Amino acid sequence: MMRHLAIAAMLFSLAAAAPAAAPASDIELQTPYCAQRHTVVRALADVFAESPVARGAVDDGLIEVFANADSRSWTMILSFRNGISCLLASGARIEDALELVTPGESI
């Protein structure tokens, strides 16, 4: 939870420093953990040294996982087609799922 708050504070400060944009979308108004995708990606790289490690398409956009191989921290975001990305989850001790699953074993 503390990591969520740290990321939210970081995104808020970056967004506040950015030039004024178009009116807020419904997504931005409903959750404090959203910002322009480029702002989120830059913040994850600058503050946590996280980079993209996985992504998958969903109906509304793209689920992306960012991670830091050294600290093993990770963050999952949902990036919408309108350019807004929202924090979904974050944590520590990320593992490579392919190393954890025996061939033929279901996840």
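Here, each number is a calculation from the coordinates, and none is a lab measurement. Here the structure is a predicted model, which is why all the values come from computation and not from measurement. Positions of Cβ are generated from backbone atoms using ideal geometry, with glycine treated the same way; all protein chains shown enter the neighbour counts.
Summarising the label geometry, the points placed 7 Å from Cα in the beta-carbon direction at residue 53 and residue 76 lie 1.3 nm from one another. Taking the number of Cβ atoms within 10 Å of each Cβ as an exposure proxy, the fewest-first ranking of 63, 77, 84 is 63, 84, 77. Neighbour counts of C-beta atoms inside 10 Å place 50, 95 in the sequence 95, 50, starting with the fewest. Residues in region 44-56 carry Karplus couplings, in order, of 4, 6, 5, 8, 10, 6, 9, 10, x, 10, 7, 7, x Hz; the curve used is 6.51 cos²θ - 1.76 cosθ + 1.60 with θ = phi - 60°, and Gly or Pro positions show x. Here's how it looks for residue 53: its modeled amide H is under 5 Å from those of 65, 66, 67, which are all 5 or more places away or on a different chain.
Which trypsin sites (Lys or Arg not before Pro) in region 38-78 sit in a loop by DSSP (not H, G, I, E or B) and have at most 14 other Cβ atoms within 10 Å of their own Cβ?
On the way: sites: 42, 55, 72; in loops: 72.
Passing both the DSSP loop test and the Cβ count: 72.
With K and R counted +1 and D and E -1, the other residues having a Cβ less than 10 Å from that of residue 72 yield a net charge of -1.
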